[in-house]
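What follows is a single structure, written as structure tokens, with notes after it.
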Amino acid sequence: MCEMCSILHHVEICVREEKRLISLLIRGFGFTIIGQRLTPLALKWVLKHGSAIFVITKRQKDCKLQDKSTDDLHVNPHHEKECVHSNGDTTDPEHWTVFCCQDQTSHAIDSVFNAALEVKDVDEVTRRVKERGGHVLREPTNINDSHGQVRYSIVTSCLGNVVHTLIDKKNYSGEFLPGFRILGTNNCESSLVNSKSENGCHTKEFVSNPCDIRSYLEESTRNGEVLEETATQVGGPVFTHVDHIACVCEVGKSKELMAWYEYCFGMKRFMTNREESEEEGLVLGEEIGMRLKAMEYWRCAEVGLAVPSATLEDSELKMVIAEPLSGFENSQINTFLNAHKGPGIQHIALHTPSMAPTVKYVSQQGVVFRKAPPTYYQKGVKLEEITATGHEVELDLFQELGILLDTEDDIFSDMKDGQGKQRYLMQVFTTPIFQEDTFFMEVIQRCGARGFGVGNISALARSIILYQQQQQQNKLRSPSTT
């Protein structure tokens with residue numbers, strides 16, 4: 001299965017209005033605008049922090065995108081003009097265009113819907129997806145510019161509205177992908193939409209509103225300066241990479257879903273907890289009503305795929321599957337399914353090497369995190385673990401920032417690394433990013449742990465119940481008022 005090796009290239013988010021989300025990612029999470037693409041149907045912005053790349057897509061007008069397959073595409077060195085060479089000279093500016101609402105003529109719901117993957121063999125992975133019932137939105141195609149050639153396709157998955165752009169860019173040295181304008185401080189040209197014939201081929205040139213570009217670039221520069229100061233203070237980068245993607249499926253679908261990803265992309269089951277079983281996964285009943293399973297791409301050494309400047313650990317692809325249990329209609333997982341109108345990507349975790357300073361910085365920039373009740377940090381819940389890992393001096397800060405800590409019962413070890421240090425992770429979750437109660441972000445720091453904070457899920461449930469009990473007792477003790 002080595003020929004199927006996959007790593008995450010970027011994630012794409014489809015929104016009705018892009019400005020608020022872009023501002024949040026730049027100001028709050030320190031992303032930088034690096035590219036843009038404007039076509040008749042879509043406006044795309046490319047943002048990057050560390051090796052994490054987000055593409056924000058906005059539908060330009062109400063219409064249904066037609067599935068297309070094309071021959072080789074050629075883009076000029078300035079990433080502004082494009083030409084499709086087929087049986088006749090025809091223009092197709094929408095070769096990267098895909099929406100979260102593929103079967104609808106207008107935007108229905110904001111959604112993280114495209115997990116773009118770098119693969120060794122685009123044609124073989126596409127064939128496997130078709131064999132397992134996936135729909136091919138774009139047949140394997142070559143696209144070129146002055147930086148080289150990219151071969152790609154776009155396929156649907158068996159998970160709700162999730163699609164995958166499959167990319168082979170071993171012969172490409174550009175900043176992102178052909179067809180995207182790479183932005184710098186001087187990319188503030190006037191708005192322009194022209195059409196003309198050049199060398200016998202119809203071409204189009206698209207440039208976005210210069211005010212938007214200038215505003216985003218200036219905000220990126222300002223926050224970049226603050227980020228540099230923060231990185232200096234913490235002795236390293238604020239964020240380094242996407243740690244994992246978490247998806248929600250329907251009841252009874254996780255086994256089928258994992259088999260699909262194993263066959264199509266070469267991913268393998270990833271056991272994260274001693275209590276987890278191969279068949280059932282990790283079942284969290286009580287007040288949670290969730291089944292968790294995880295998959296991971298284990299890098300094949302002879303393939304040599306790598307995200308630039310990424311380490312072996314941070315360039316792996318990890319996926320968490322959350323499935324609701326029957327009888328828990330009000331669970332968080334069912335809340336997502338109802339609000340999102342089906343399965344999809346629930347959250348993305350960004351890894352930081354310096355948890356407390358990073359969360360403090362991000363909070364100061366306006367990002368709102370969920371806060372655990374005070375009882376989470378008490379004895380019998382999480383206090384002992386916080387103390388055992390040497391963070392007792394930060395207990396008040398953790399509580400203020402909402403930081404959770406978990407010495408998960410890691411199946412790979414006795415919970416200590418080779419030097420006898422405690423393995424653990426720290427994490428914190430934002431409130432919903434969109435208007436609907438669907439997608440959110442996670443900030444995570446791994447200190448030897450390989451799991452996903454399962455202990456925190458149970459601890460949070462216990463702490464909420466304990467907190468409610470304490471609140472009820474306080475009401476009973478307080479004098480009644482009339």
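The values are calculated or read from the model by the stated rules, or taken from the named source; none is laboratory data. Just so you know, these numbers come straight off a predicted model, no measurement behind them. When we count neighbours, we look across all protein chains shown, and the Cβ atoms used for this are built from the backbone with ideal geometry, even at glycine. We work out accessible area using only protein heavy atoms, side chains counted, and drop any ligands, DNA or RNA first. Shrake-Rupley method; radii C 1.70, N 1.55, O 1.52, S 1.80 Å.
Report yes if Asn474 is assigned to a helix (DSSP H, G or I), open to solvent by less than 20 Å² (accessible area, probe 1.4 Å) and modelled with pLDDT of 65 or more, otherwise no.
Values: assigned to a helix (DSSP H, G or I): yes; open to solvent by less than 20 Å² (accessible area, probe 1.4 Å): no; modelled with pLDDT of 65 or more: yes.
It is false that Asn474 is assigned to a helix (DSSP H, G or I), open to solvent by less than 20 Å² (accessible area, probe 1.4 Å) and modelled with pLDDT of 65 or more.
Given the structure, is Arg127 without any contact (Cβ under 8 Å) to a residue 24 or more places away in the chain and either charged (D, E, K, R) or farther than 22 Å from Val46 by Cβ (or both)? First the steps, then the outcome.
On the way: without any contact (Cβ under 8 Å) to a residue 24 or more places away in the chain: yes; either charged (D, E, K, R) or farther than 22 Å from Val46 by Cβ (or both): yes.
Criteria met by Arg127.
Let's see how each residue does on (1) within 30 Å of His95 (Cα to Cα); (2) modelled with pLDDT under 80; (3) within 22 Å of the chain's Cα centre (by Cα):
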| site | (1), (2), (3) |
| --- | --- |
| Lys196 | yes, yes, no |
| Leu217 | yes, yes, no |
| Ser220 | yes, yes, yes |
| Phe239 | no, no, yes |
| Asn273 | no, yes, no |
| Gly289 | no, no, no |
| Glu296 | yes, no, yes |
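How many residues, within segment 146-175, are in a strand (DSSP E or B) and open to solvent by 10 Å² or more (accessible area, probe 1.4 Å)?
Step one: filter segment 146-175 for residues in a strand (DSSP E or B), giving 148-156, 163-168, 172.
Subsequent filtering for residues that are open to solvent by 10 Å² or more (accessible area, probe 1.4 Å) retains 148-149, 151, 156, 168, 172.
Selection size over segment 146-175: 6.
Residues being part of a loop (DSSP other than H, G, I, E, B), at pLDDT 85 or above and not small (Gly, Ala, Ser): count how many of those fall in segment 415-451. Explain how you work it out, then say what you get.
Pass one, segment 415-451, residues part of a loop (DSSP other than H, G, I, E, B): 415, 417-421, 423, 431-439, 449-451.
With at pLDDT 85 or above added as a condition, the list becomes 423, 431-439, 449.
Those still in the list that are not small (Gly, Ala, Ser) too: 423, 431-439.
Summing the residues that are part of a loop (DSSP other than H, G, I, E, B), at pLDDT 85 or above and not small (Gly, Ala, Ser) in segment 415-451 gives 10.
Here is a list of conditions, (1) assigned to a helix (DSSP H, G or I); (2) out of contact with any Asp or Glu (no Cβ under 9 Å at 6 or more places or on another chain); (3) open to solvent by 10 Å² or more (accessible area, probe 1.4 Å), and Thr375 meets all of them except one; can you say which number that is?
Unmet condition: (3).
Please specify each residue of segment 8-58 satisfying the condition of being in a loop (DSSP other than H, G, I, E, B) and more than 20 Å from Thr165 (Cα to Cα). It would help to see each step written out before you state the result.
So in segment 8-58, the residues in a loop (DSSP other than H, G, I, E, B) come out as 16-18, 29-31, 39-41, 50-51.
Result: Arg16, Glu17, Glu18, Phe29, Gly30, Phe31, Pro40, Gly50.
Looking only at segment 385-400, decide whether some residue is open to solvent by less than 10 Å² (accessible area, probe 1.4 Å) and either closer than 30 Å to Cys101 by Cβ or touching a Gly at 6+ places or on another chain (Cβ under 9 Å) (or both).
Within segment 385-400, the first condition is being open to solvent by less than 10 Å² (accessible area, probe 1.4 Å), and the residues that meet it are 386, 398.
When the remaining residues are screened for being either closer than 30 Å to Cys101 by Cβ or touching a Gly at 6+ places or on another chain (Cβ under 9 Å) (or both), the result is none.
No, every residue in segment 385-400 fails to be open to solvent by less than 10 Å² (accessible area, probe 1.4 Å) and either closer than 30 Å to Cys101 by Cβ or touching a Gly at 6+ places or on another chain (Cβ under 9 Å) (or both).
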